[in-house]
Amino acid sequence: MADESQLTDFEVHDGGTTGRTLVVFAEEATPETVARVTGVAPSQMAHSSDFGIEAMNVEEMLEQSRAVYFDELKAAVIEGAPPMAAATIEVRGTSEPSVLAMEPEHYVFALEQLEPVRPVVAPGATKVESSRDYVRGFRDAASSLYDQLFEAPEAEAEEIEALATPRWADTATLTWGLAATRADRSVFTGRGVRVAVLDTGVDLAHPDFSGRPIVSTSFIAGEPVQDGNGHGTHCIGTAMGPKLPNRTRRRYGVAGEASIFAGKVLSNAGSGTDGGILAGIDWALRNGCRVISMSLGAPTRPGEPFSPVYEAIARRALDRGTLIVAAAGNESRRPSVIRPVARPANCPSIMAVGAIDAFAKVAFFSCRSSGLAGGEVDISAPGVAVFSSWPRPRLYNTISGTSMATPHVAGIAALYLQRTPALTARDLWTALQRNAVPLAAPRVDVGAGLVQSA
Amino acid sequence: MSRQVRVTIAVTDDHIDRMTAVVERLRSAGVSIEQTLDAAGAIIGSVDEATVDELAHITGVAGVEREGQVQLPPPDSLIH
């Protein structure tokens, strides 16, 4: 959610890269796909299977080859960024995505991300040590993973293989996120429930929404609600996309019959102000929206208290029957950097949503409970490689973020409200948490667990 | 030389139905009112930097903050 460049005064490495990228491929990925995605020809790729039972020194291998491919893991460590690094993973027609996960290609080693106070930075040792520590940690993690896989006795092989297999995957007809939250099994559609998505607006003429009423308004001076960014269309798609989309067979939306209220509180360039966001909340409340989805926020510093203004408004909304869900934030770079829940998700009366991946693990970017009142991650939802709608002409896109996890919860909340219209917002909150599936991850990272549909 | 800052203000529950009274008190304190959000119970405006902290003491004000910003990463970013 937050633009990283806002957090930094400088970049340590040229182009802000770590020098490494880790890519995890789907089971079906062919060698051609691996070569295309990584930008590394097969002849330049070292394979773990070349080493048999010998221990592998990843760092040494990367000095000789441009990339190392772990055959058992179907994952690659690449020197440098793959050609698709700055692009999202495309999914065309009924083909399955080739990439399940990708470690961040952009890495800005700003001290600000590692220390609570913006430092006066002098060039030299301090910066280098922080960068080196991180890259060392990454190397150690990759080597350790290899050791576990190939050094382990046969009896453990199956268990380790399981670690390398995603629990869910996109199919031709359903996203992994809908499968994981069981949205496809629900008899509910969100019919009769008004859900507001406060974001960059929506592509009003997207074929998947033709014939479906959308109430929309813009709070951005000089910009119509028509989505010139993509983020808003993607979030609305996840929350409320149709059961039978128009140009893909893959269903990606939770509450296909919910009433769509699209409030543009973020400009096409992705910026917004509290004033605009609060105006959006006010509009949603005036229009009887029972759920407000906010895939937005700003980073918080450890120890920073929540906004008294957002809290007062959100608590009042809860009292009056409206649940506000917001993204927990993407500032973490696990395992080295773990940041607290963003604002305003860190308000006690706002449900903070963390992101998990298809391995049921916390997404590497997902923020953690701050330890302060209100700063908990309350629940988690699919947020890595999420396929959803995108403005024309592209129509669809697969992106990651706690921004993608949040509308899963919003759509599911609509299912609950359709089932029990008289449910109070507080009881809705409790029900979402109680029905969540616990995960093998700390509560501070995933809250009550993986949200489940009604 | 005074500096104007934009502020967001939440109104107390007992003043939701009489926001105009709170608006008047804020005006008297020097706030230039931009928006009154009746359903949310919030007021957006701008005021002298030096006055911000005093506003919290005004009857009917539940909270005051300097307005914050949010920024999404570019659409082609890896993480959103």
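Each value in this text was obtained by applying a stated rule to the coordinates, not by laboratory testing. The shown structure was predicted, so the numbers you read here are calculated from the model rather than taken from an experiment. Cβ: placed from backbone, ideal geometry, glycine included. Neighbour counts: every protein chain shown.
What nm value, rounded to one decimal, do you get for the distance between A:Ala164 and A:Arg185 when each label is placed 7 Å out toward the C-beta?
The modelled label-to-label distance comes out at 2.9 nm.
How much of the pair distance distribution for segment A:369-454 lies past 16 Å, counting alpha-carbon pairs only, in percent? Mind dumping the intermediate values first?
On the way: 2156 of 3655 pairs.
Value for segment A:369-454 (Cα pairs over 16 Å): 59 percent.
How are the alpha carbon pair distances in chain B distributed across 10 Å bins from zero to the largest one, expressed in percent?
Computed distribution, short to long bins: 19, 47, 18, 12, 5.
Which whole-number percent is the relative contact order of segment A:307-425 (Cα, under 8 Å, 6+ apart)? Walk me through the numbers before you get to the answer.
Working: 242 pairs, mean separation 30.1, N = 119.
Relative contact order here is 25 percent.
May I ask you to evaluate 6.51 cos²θ - 1.76 cosθ + 1.60, the Karplus curve with θ = phi - 60°, for each residue of segment A:64-77 and list the ³J(HN,Hα) values in order in whole Hz, giving x for glycine and proline?
Using θ = phi - 60°, the values come out as 9, 10, 7, 7, 10, 10, 8, 4, 5, 8, 6, 9, 10, 10 Hz.
With viscosity set to 0.890 mPa s at 25 °C, what whole-number translational diffusion coefficient in µm²/s follows for segment A:169-271 from Stokes-Einstein and a Kirkwood radius over Cα pairs? Don't jump to the answer; show the numbers that get you there.
Details: Rh = 13.8 Å.
Calculated translational D: 177 µm²/s.
Given the Cα-Cα distance of A:Ala373 and A:Asn287 and 0.36 nm per residue of separation, how much length would full extension add, in nm? All intermediate terms of the calculation are to be shown ahead of the outcome.
Values: separation 86, 0.36 × 86 = 30.96 nm, distance 3.02 nm.
Once the chain is fully extended between A:Ala373 and A:Asn287, it gains 27.9 nm.
What is the set of long-range amide H partners of A:Gly375 at a cut-off below 5 Å, with H atoms built 1.01 Å from backbone N?
Result for A:Gly375 returns A:Ser370.
Quick query: amide H of A:His47 versus all other amide H atoms, modeled in the peptide plane; which residues come in under 5 Å with a sequence gap of 5 or more or a different chain?
Under 5 Å from the amide H of A:His47 lie the amide H atoms of A:Tyr69, each far enough along the sequence or on another chain.
Most exposed first by the Cβ proxy, i.e. fewest other Cβ within 10 Å, how do A:Leu432, A:Leu423 rank? Please list the in-between numbers first.
Working: A:Leu432 24, A:Leu423 19.
Exposure proxy ranking, most exposed first: A:Leu423, A:Leu432.
Sort B:Thr59, A:Thr21, A:Thr238 so that the residue with the fewest other Cβ atoms within 10 Å of its own Cβ comes first and the one with the most comes last. Working shown, then result.
Numbers: B:Thr59 10, A:Thr21 24, A:Thr238 35.
With the sparsest Cβ surroundings first, the list reads B:Thr59, A:Thr21, A:Thr238.
Over all directions, what mean area does the Cα convex hull of segment A:218-278 project, stated in square nanometres?
Its average projected convex-hull area is 4.6 nm².
Whole-Hz ³J(HN,Hα) for each residue in segment A:273-283, computed from phi via Karplus 6.51 cos²θ - 1.76 cosθ + 1.60 with θ = phi - 60°, x for glycine and proline: what do you get?
With the stated coefficients, segment A:273-283 comes to 10, 4, x, x, 5, 5, 4, x, 4, 4, 4 Hz.
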